[in-house]
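Shown next, in structure tokens, is the structure this report addresses.
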Amino acid sequence: MNTAQRLLLPAATLLALATSAADWPQWRGPAFNGTSPEKNLPAQWSKTENVAWAAPMPGPSAATPVIHGNHVFVNSSDAQTKSSVALALDRRSGKQLWQHQVSPTIARDNRSTYSSPSPATDGKLVVFFYGNGDLVAFDFTGKQLWKRNIQADYGDFAFQWTFSSSPLLHDGRLYLQVLQRNTPVHGKGRENGESYLLAMEPATGQTLWKHVRPADAVAESLEAFSTPIPFEFNGRKELLIVGGDCISGHDPATGREFWRWGTWNPQKIGHWRLVPSPVAGAGVILACAPKKEPVYAVRAGGNGNLGDAGLLWKSEDRAVSSDVPTPAFADGDFLVLSDGSRALSRVEPKTGKVKWTTETPGRSKYEASPTVADGKIYLMNFAAEVTVVNLADGKVLATIPMGEPGDNDTRSTIAVAGGQLFIRTNNKLYCVGKAAQAAALPAAPQTAQAR
């Protein structure tokens, strides 16, 4: 090995380390199913042990942090100014790089804030969405690229509670779904209102197309707080949309509907709003009916109205249900977290067979979605207690308190990137894992002055 080769070796090693570390660019992670390929993740820690850093948060939020390289992006409320803000932190230190007030408003009810949707990044820009309709993009230095308000452009949202759906950046397009009721509620919305899927140009925010998605549901059952999920089966790319008592697959290029299955609500109950997003794996697409109702498995690759022939199975075990958390798909199986039955189950995709079920520890409810990596399942409940479960057999490995006294309604999903866990409580963002793993990444670019 010559001198030049020896000099190049450290840089090459650093590059290999940087490129091997997986990012968490969207709400459900790099594979859109709640999983990460990261290894050597911790199963034991505390608020002071095995913590690389802890950064204060300006206010509570149900949004999950997203990570790209040395940047961590956080959607948040600001309790002091009663506003909605976008933040960026340095992944190596937790130092705030920038913070921008997006809206001078914080919430419309006491159940949640406008900042519940998770950001999304493609490595070039980051997009934040808020429940009041504000949609804004920044570059990594914090420069605002564009901003628009979806309610101003397409009419007031018609939801019983504060709207929340995370934006999706995928294959060069920005997507946002608005599945809402078709009559006014609380003085908002309009008669014969539409539910729709938007595709936009990420660099400018300009609409590429708007696809109206009708449904036969009634009243609040038309409302969904789910997020579109990309999926590919037998060479066909799709966007999976769930809400309005049905699930559908759409062409990402045009919004055109390929197929639809429903309904889990033949009696047309009017208060079955939907929260969990779809999840897919092994040629099966999962949709969770609300209010302790079953999980439904649809066979992938269909066309048109699938009817009963498109349904592979529905869960018979009451533990296999979810009103709020979105299931994960890992190691060939679905992981279904039931907030109503206080249970986590590993389910076989083709048959619905339950391989194991574990009771979730503690007294608090689990509404954050499960995260799976390194053979472990990470859960967090309202009290910000993190439970680590062994993927293979469902045994609880640890339960770790991360919240403060009196904490409640903690709902952010745990993110994984670069050998570390990112745990967002009401008051702090913790980076759990060895700090040295972050130090090997390339330096962060120069940041703009916070404003």
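How many residues, within region 237-260, are touching an Asp or Glu at 6+ places or on another chain (Cβ under 9 Å) and either buried (at least 19 other Cβ atoms within 10 Å of the Cβ) or in contact (Cβ under 8 Å) with a residue 24 or more places away in the chain (or both)? The number of residues fulfilling the criteria is 15.
Set side by side, the residues Thr121, Thr183, Thr162 differ, and just one is of a type outside the set (Gly, Ala, Ser) and in contact (Cβ under 8 Å) with a residue 60 or more places away in the chain, which is Thr121. Close Cβ contacts (under 9 Å, 6 or more residues apart or on different chains) running from residues in region 349-372 that are over 12 Å from Val320 (Cβ atoms) to residues that are in a strand (DSSP E or B) and of a type in the set (Asp, Glu) comprise Pro349/Asp333; Pro361/Glu385; Gly362/Glu385; Ser364/Glu385. Annotation for region 89-108: no member residue is touching a Pro at 6+ places or on another chain (Cβ under 7 Å), assigned to a strand (DSSP E or B) and acidic (Asp, Glu). For region 237-246, a residue qualifies if it is assigned to a loop (DSSP other than H, G, I, E, B) and touching a Phe, Trp or Tyr at 6+ places or on another chain (Cβ under 7 Å), and exactly one does: Asp245. Of the numbered conditions (1) surrounded by fewer than 23 Cβ atoms within 10 Å (Cβ to Cβ); (2) over 23 Å from Asn40 (Cα atoms); (3) in contact with a strand residue (DSSP E or B) (Cβ under 6 Å, 6 or more places away or on another chain); (4) not basic (Lys, Arg), Val388 satisfies every one except a single condition; which is it? It fails just one condition, (2). Could you please tell me which pairs satisfy a Cβ distance under 9 Å, a separation of 6+ or placement on different chains, a first residue in region 274-299 that is closer than 23 Å to Gly29 by Cα, and a second residue that is outside any loop (DSSP other than H, G, I, E, B) and among the polar types (S, T, N, Q)? Close Cβ pairs satisfying both conditions: Leu274/Ser221.
So, restricting to strands (runs of 3 or more DSSP E) that lie completely within region 392-451, which ones have at least 2 residues that are over 21 Å from Phe140 (Cβ atoms), in contact with a helix residue (DSSP H, G or I) (Cβ under 6 Å, 6 or more places away or on another chain) and at pLDDT below 85?
none
Can you name the residue in region 53-88 that is among the hydroxyl-bearing types (Ser, Thr, Tyr) and not in a loop (DSSP other than H, G, I, E, B) and is also farthest from Ser118 (Cα to Cα) among such residues? The qualifying residue farthest from Ser118 (Cα to Cα) is Ser83. Residues satisfying the criterion are present in region 184-205 (criterion: farther than 30 Å from Val126 by Cα and of a type in the set (A, V, I, L, M)).
No other residue among Gly193, Gly249 is in a strand (DSSP E or B), of a type outside the set (D, E, K, R) and either modelled with pLDDT under 95 or farther than 30 Å from Asp139 by Cα (or both) apart from Gly249.
Scanning region 369-418 for residues that are charged (D, E, K, R) and touching a Pro at 6+ places or on another chain (Cβ under 6 Å) gives a single hit, Glu385.
So that you can scan it fast, the table gives a plain yes or no per residue for (1) crowded, with 23+ Cβ neighbours inside 10 Å; (2) at pLDDT below 95:
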{"position": "Pro56", "(1), (2)": "no, no"}
{"position": "Ile67", "(1), (2)": "yes, no"}
{"position": "Val74", "(1), (2)": "yes, no"}
{"position": "Leu89", "(1), (2)": "yes, no"}
{"position": "Arg111", "(1), (2)": "no, yes"}
{"position": "Gly123", "(1), (2)": "no, no"}
{"position": "Val127", "(1), (2)": "yes, no"}
{"position": "Tyr130", "(1), (2)": "yes, no"}
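The values are calculated or read from the model by the stated rules, or taken from the named source; none is laboratory data. Since this is a predicted model, take the numbers as computed values, not measurements. So basically every Cβ, Gly included, is an ideal-geometry build from the backbone, and we count neighbours across all protein chains shown.
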